[in-house]
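Engineer: Handing you this structure, nothing more for now.
Nothing in this text is a laboratory measurement; each read-out follows from the coordinates by a stated rule. In this text the structure is predicted, and so the values were computed from the model without any measurement. All Cβ positions, even for glycine, are placed from backbone atoms using ideal geometry, and neighbour counts span all protein chains on display.
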Amino acid sequence: MSTALSAQAALTALRTGNQRFVKDLRGDAGAARARRLELPQGQEPLAIILGCSDARVPAEIVFDQGLGDLFVIRVAGNIVAPSQVGSVEFAAEAFGTRLVVVMGHSNCGAVHATVEQLLRPSAERSRNLASIVNRIRPAVAGLVERGMQQDQEQLERQAVRANIRMSADHLRHGSEVLEQLIHKDGLMVVGAEYSLQSGEVDFFDVPATA
């Protein structure tokens, strides 16, 4: 794929690829060898995906993309920490990629752990796991304050999207590099949720200008 792709064109390509995946019409894997031989010369990913580490949500498969098409950053709970911000900045600057997708998913274990910690606090967590929960916590705390803890299943569904929005907003407003690319070079950061049940990706947090 070419770096000449605009953010909107890349978004359309991802939507189309996900439709193929859902309908089990995925592209020809036989082209992988030829593509692999091209890649040592460089990469031109059409999109940067900040997704969850969950084994059930491999971005390349979900969007029916091939070698070199996506720059994927995976971390439990699709959280945004300095290393993730730096990775997004690197890809956007080095490769000219103009679409960033923060992709969470239904039944997210990291979100579930955060909800459990808020509703039933426990000290039995490693410092490293706690750092993930603590980054998701602000997205969940507001929902709990509004009384949604009465229905934990609904709370977790809403928390998944709140966490995606929070991560997307962090990228939009927490990096001077990305802010400049958004305002001057057409970079777009969108939020999306993958359904483990249907295989569909819902791009629900897309800037109004898109």
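Engineer: What is the local net charge at Ala92, summed over the other residues whose Cβ is closer than 15 Å to its Cβ (Lys, Arg +1; Asp, Glu -1)?
Structural biologist: Surrounding charge for Ala92 is -3.
Engineer: For the chain, set up a Gaussian network in which alpha carbons nearer than 10 Å are linked by springs, and say which option among Asp54, Asp64, Asp151 fluctuates the most.
Structural biologist: Fluctuation is largest for Asp151.
Engineer: Read phi for every residue in region 7-15 and hand back ³J(HN,Hα) as whole Hz from Karplus 6.51 cos²θ - 1.76 cosθ + 1.60, θ = phi - 60°, with x for Gly and Pro.
Structural biologist: Taking θ as phi minus 60°, the curve returns 4, 5, 5, 5, 4, 4, 5, 5, 4 Hz for region 7-15.
Engineer: While we're looking at this one, here's another question. Please list 163-175, 134-146 highest first by mean number of surrounding beta-carbon atoms within 10 Å per residue.
Structural biologist: My ranking of the peptides, most packed first, is 163-175, 134-146.
Engineer: Nearest 500 deg cm²/dmol is fine: what mean residue ellipticity at 222 nm does the chain get from its DSSP H runs of n ≥ 4 alone, each adding -39,500 (n - 2.57), divided by its residue count?
Structural biologist: That calculation yields -15500 deg cm²/dmol at 222 nm.
Engineer: Sticking with this one: Amide H of Ile49 versus every other amide H placed in the peptide plane: which residues, excluding those fewer than 5 positions away on the same chain, fall under 5 Å?
Structural biologist: Here the answer is Phe71, Val72, Ile73, Val101, since their amide H atoms fall under 5 Å of that of Ile49.
Engineer: Taking 8 Å as the Cα distance limit and 6 or more residues as the minimum spacing, I'd like the relative contact order of region 7-205 as a percentage.
Structural biologist: Value for region 7-205: 25 percent.
Engineer: Using a simple spin-label model with points 7 Å from Cα along the Cα→Cβ vector, what separation in nm is obtained for Asn128 and Leu196?
Structural biologist: 2.3 nm
Engineer: Which residue, Pro58, Pro45, Pro121, tops the fluctuation ranking in a GNM of the chain built on C-alpha contacts under 10 Å?
Structural biologist: Its mean-square fluctuation being the largest, the pick is Pro121.
Engineer: Just to check I understand the Karplus step: with θ = phi - 60° and J = 6.51 cos²θ - 1.76 cosθ + 1.60, what whole-Hz values come out for region 103-116, glycine and proline as x?
Structural biologist: In residue order, the calculated couplings are 10, x, 7, 5, 6, 6, x, 5, 5, 4, 4, 5, 4, 4 Hz.
Engineer: What list of ³J(HN,Hα) couplings, whole Hz, do you get for region 133-139 from phi and the Karplus terms 6.51, -1.76, 1.60, once you set θ to phi - 60° and write x for glycine and proline?
Structural biologist: 4, 5, 7, 7, 3, x, 5
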